[in-house]
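Novice: I'd like to ask you about the structure that follows.
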Amino acid sequence: MTDAGSVKKDGVKKPAIPMPSATVTLVRDAPGGIEVLMMRRNLKSGFVPGMYVFPGGGLDKDDLLFKNNNLCKCLDDAAASATLGVAHDGMCYWVAAIREAFEESGLLLARDATGRLIRFGDAAVAARFKEHRRRLNAGEAVFTELMAAEQLQLAADALTYFAHWITPVGLPRRYDTRFFMAEAPAEQVPVQDERETIAAEWARPADALSRHKRGEFEMRTPTVHTLELFADYDSVARLRQGLGERREISVMLPRIGRDGRRILPGEPGYDEAAPAA
């Protein structure tokens with residue numbers, strides 16, 4: 001909705017304006033503890049190429065339509081905005097998180113007429129939604145059309161809001177991102193879109209962090225901190241309960257030290273790394 005690139009005014013380069021965006025960490029129970037869905041970005045991407053991320057992206061103007069199109073009865077804009085601490089349009093973040101997850105991974109958090117999360121176990125249903133996803137990614141359709149055509153309700157209540165990160169000042173592309181968690185829907189298999197993402201895999205948080213330390217699994221700072229948080233839980237139910245108890249969610253705005261290291265609020269050197277006025 002907003003250009004995330006740097007702009008120039010009177011010949012002076014101004015800081016890039018953070019783009020409103022949302023991401024969702026999809027999790028599932030597994031024998032060794034919870035697993036998290038990790039998507040690898042395209043190696044030719046203009047943003048964090050080759051890194052492992054959670055599905056997500058910028059808010060779309062069509063996400064605003066869910067405020068009053070009767071396709072999400074479990075959450076209204078007033079409640080969503082209050083949760084995020086914004087004046088209005090908070091519901092768009094839930095919509096964007098679910099839409100981006102479907103576009104990038106193929107997992108759709110939506111309920112059918114019976115109130116059950118949609119399943120793709122039937123081959124005909126799976127093929128139909130595969131075509132829906134293709135059309136969305138090709139720009140041939142919009143998310144509201146898919147939901148209306150399939151008579152679905154957005155499962156916004158399946159998401160738990162737990163973090164707020166803003167890209168450091170000084171980078172050419174910045175995002176103001178709200179982080180959500182959701183249990184992956186049953187009978188749906190994640191598949192990369194081969195456009196923005198080139199791989200999809202389930203990983204235990206501790207394993208992903210170990211691989212990251214060995215230089216085998218490149219991730220951004222917010223992704224690392226999310227996995228460190230999730231590693232303390234051994235089931236989706238306990239994770240949801242723990243995240244739900246986080247009453248105050250402070251914005252995390254890292255700063256870039258002279259050595260290029262990301263410094264978080266409260267860490268040594270954070271004040272010294274403040275960007276010049």
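The values are calculated or read from the model by the stated rules, or taken from the named source; none is laboratory data. Fair warning: this is a prediction, and the values are worked out from it, not measured in the lab. Because the Cβ atoms are built from the backbone with ideal geometry, glycine has one as well, and the counts that use them run over all protein chains shown. Note: accessible area is taken over every heavy atom of the protein model, side chains too, but ligands, DNA and RNA are not part of it. Shrake-Rupley method; radii C 1.70, N 1.55, O 1.52, S 1.80 Å.
Novice: Among the residues of the stretch 167-177, how many are over 18 Å from residue 81 (Cα atoms) and open to solvent by 20 Å² or more (accessible area, probe 1.4 Å)?
Specialist: Counting residues in the stretch 167-177 that are over 18 Å from residue 81 (Cα atoms) and open to solvent by 20 Å² or more (accessible area, probe 1.4 Å) gives 6.
Novice: Another question about this same structure. Tell me the residue from 85, 115 that is over 20 Å from the mean Cα position of the chain (by Cα), of a type outside the set (A, V, I, L, M) and surrounded by fewer than 16 Cβ atoms within 10 Å (Cβ to Cβ), please.
Specialist: Values: 85 fails: over 20 Å from the mean Cα position of the chain (by Cα).
Step by step, each of 85, 115 is checked, and only 115 is over 20 Å from the mean Cα position of the chain (by Cα), of a type outside the set (A, V, I, L, M) and surrounded by fewer than 16 Cβ atoms within 10 Å (Cβ to Cβ).
Novice: How many residues, within the stretch 35-62, are acidic (Asp, Glu) and touching a Phe, Trp or Tyr at 6+ places or on another chain (Cβ under 7 Å)?
Specialist: Result for the stretch 35-62: 2.
Novice: Out of the residues in the stretch 181-219 that are basic (Lys, Arg) and farther than 29 Å from residue 110 by Cα, state the one that is farthest from the chain's Cα centre (by Cα).
Specialist: 214
Novice: Another question about this same structure. State the number of residues belonging to the stretch 241-272 that are out of contact with any Phe, Trp or Tyr (no Cβ under 9 Å at 6 or more places or on another chain), under 17 Å from residue 181 (Cα atoms) and of a type in the set (Lys, Arg).
Specialist: Qualifying residue count, the stretch 241-272: 1.
Novice: Next question, about the same structure. List every residue pair whose Cβ atoms lie under 8 Å apart, where the two residues are 6 or more positions apart in sequence or sit on different chains, the first residue falls within the stretch 20-49 and is more than 17 Å from residue 224 (Cβ to Cβ), and the second residue, located anywhere, is polar (S, T, N, Q) and open to solvent by less than 10 Å² (accessible area, probe 1.4 Å).
Specialist: Listed pairs, sorted by first residue: 26/105; 42/197.
Novice: How many residues are touching a strand residue (DSSP E or B) at 6+ places or on another chain (Cβ under 9 Å) and more than 18 Å from residue 222 (Cα to Cα) if we restrict to the stretch 247-270?
Specialist: 1
Novice: For the stretch 178-264, which fully contained helices (runs of 4 or more DSSP H) count at least 3 residues that are open to solvent by 60 Å² or more (accessible area, probe 1.4 Å)?
Specialist: 205-213, 236-244
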